[in-house]
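Q: This is the structure I want to talk about, given as structure tokens.
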Amino acid sequence: MVQDFNVWEGVYPTWEEAPGDEDAFDDKVWLGKVTQRAQEALNEFYSSATISPVTRIRDYILPVAASMIRSSTEGDLRVMDFGGGMAASYFPLISSLPHPENIEYHIIEGKNICSKSREILGDFKKLHFHQQLPDNSNSFDIVHAGSSIQYVEDWETLLATFIDYRPKLLVLEDLMAGDFKSFVTLQNYYGKKIRSWFLNINQIIE
């Protein structure tokens, strides 16, 4: 018998009212999935395959965004990737631009992912992992957030922090937003319920 499965469950007006699991991103299933993707991306990067990793990311446009400003950037291209996992967007980027050694890439992630990433990806000296956002004395050419800010309760303050880094480009991808009133729902993920915003697009633009 096939049971119906819904990715999204419930509509809640506030974050506090949504009964989500606080430990979803520390769960071994989540970490295992992220680690597997990182290992596959690393193997692909080192292989002699002729298909670029950029072909696998489909709707993520970071390589295109970076190419738009690379020629006008002096020194290293500095990218901050909020919720970037184990460098999911890093390998397509460095495979797409000339002089990848001049790309400095900073990923903001949880403790477990940062620890595992340093173990697997330690050979990439310009790839850095942080558990906390850098202070605003830092600046970045690109601030990137792919499928991430909808999992943050105070997303408005987060966006304001992004702007404090004075980026030339702010790239928000795979963001649940549209012409509707903002609400919170629960994302069902291998037995965990993850709070997620569906945001009014005009709030994001403002």
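Results for (1) open to solvent by 100 Å² or more (accessible area, probe 1.4 Å); (2) modelled with pLDDT of 90 or more; (3) touching a strand residue (DSSP E or B) at 6+ places or on another chain (Cβ under 6 Å), shown as yes or no for each residue.
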{"site": "ASN6", "(1), (2), (3)": "yes, no, no"}
{"site": "GLU16", "(1), (2), (3)": "yes, yes, no"}
{"site": "ASP26", "(1), (2), (3)": "no, no, no"}
{"site": "VAL34", "(1), (2), (3)": "no, yes, no"}
{"site": "ASN43", "(1), (2), (3)": "no, no, no"}
{"site": "TYR46", "(1), (2), (3)": "yes, no, no"}
{"site": "THR50", "(1), (2), (3)": "yes, no, no"}
{"site": "ASP59", "(1), (2), (3)": "no, no, no"}
{"site": "SER67", "(1), (2), (3)": "no, yes, no"}
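Q: Return the only residue of SER137, SER147 being open to solvent by 60 Å² or more (accessible area, probe 1.4 Å) and small (Gly, Ala, Ser).
A: SER137
Q: Would you check which residues across the stretch 113-137 are within 17 Å of PHE45 (Cα to Cα) and in a loop (DSSP other than H, G, I, E, B) and list them?
A: LEU121, GLY122, ASP123, PHE124, LYS125, LYS126
Q: From (1) within 27 Å of PRO92 (Cα to Cα); (2) loosely packed, with under 13 Cβ neighbours inside 10 Å, pick out the condition that doesn't hold for ALA160.
A: Of the numbered conditions (1) within 27 Å of PRO92 (Cα to Cα); (2) loosely packed, with under 13 Cβ neighbours inside 10 Å, the odd one out for ALA160 is (1).
Q: Right, HIS99: of a type outside the set (A, V, I, L, M) and under 30 Å from LEU186 (Cβ atoms) or not?
A: The answer is no for HIS99.
Q: Could you say whether any residue in the stretch 167-182 is under 13 Å from the mean Cα position of the chain (by Cα), hydrophobic (A, V, I, L, M, F, W, C), in a loop (DSSP other than H, G, I, E, B) and over 21 Å from ASP27 (Cα atoms)?
A: yes
Q: Oh, and also: Would you confirm whether any residue within the stretch 174-187 is touching a helix residue (DSSP H, G or I) at 6+ places or on another chain (Cβ under 8 Å), within 29 Å of LEU77 (Cβ to Cβ) and at pLDDT below 95?
A: Within the stretch 174-187, one or more residues are touching a helix residue (DSSP H, G or I) at 6+ places or on another chain (Cβ under 8 Å), within 29 Å of LEU77 (Cβ to Cβ) and at pLDDT below 95.
Q: Right, here's the next one. For SER95, indicate whether it is hydroxyl-bearing (Ser, Thr, Tyr), farther than 23 Å from TYR46 by Cα and at pLDDT below 95.
A: So SER95 does not fit the description; no.
Q: Next question, about the same structure. Taking only the stretch 140-158 into account, find how many residues are in contact with a helix residue (DSSP H, G or I) (Cβ under 7 Å, 6 or more places away or on another chain) and part of a helix (DSSP H, G or I).
A: Looking only at that region, the number is 3.
Q: Across the stretch 72-109, what is the total count of residues that are touching a strand residue (DSSP E or B) at 6+ places or on another chain (Cβ under 7 Å) and of a type in the set (Gly, Ala, Ser)?
A: Final tally of qualifying residues: 4.
Q: Hey, another quick one. Please work out if GLY84 is crowded, with 17+ Cβ neighbours inside 10 Å, modelled with pLDDT of 90 or more and at negative phi.
A: The answer is yes for GLY84.
Q: Right, ASP174: in contact (Cβ under 8 Å) with a residue 60 or more places away in the chain, surrounded by 17 or more Cβ atoms within 10 Å (Cβ to Cβ), among the acidic types (Asp, Glu) and touching a Ser or Thr at 6+ places or on another chain (Cβ under 6 Å) or not?
A: No; evaluated as a whole, the condition is false for this residue.
The values are calculated or read from the model by the stated rules, or taken from the named source; none is laboratory data. Everything numeric here is computed off the predicted structure, so don't read it as measured data. Ideal geometry is used to build each Cβ from the backbone, glycine not excepted, and the neighbour counts take in all protein chains shown. Quick note on the areas: whole protein, heavy atoms, side chains included, nothing else; ligands and nucleic acids left out. Shrake-Rupley method; radii C 1.70, N 1.55, O 1.52, S 1.80 Å.
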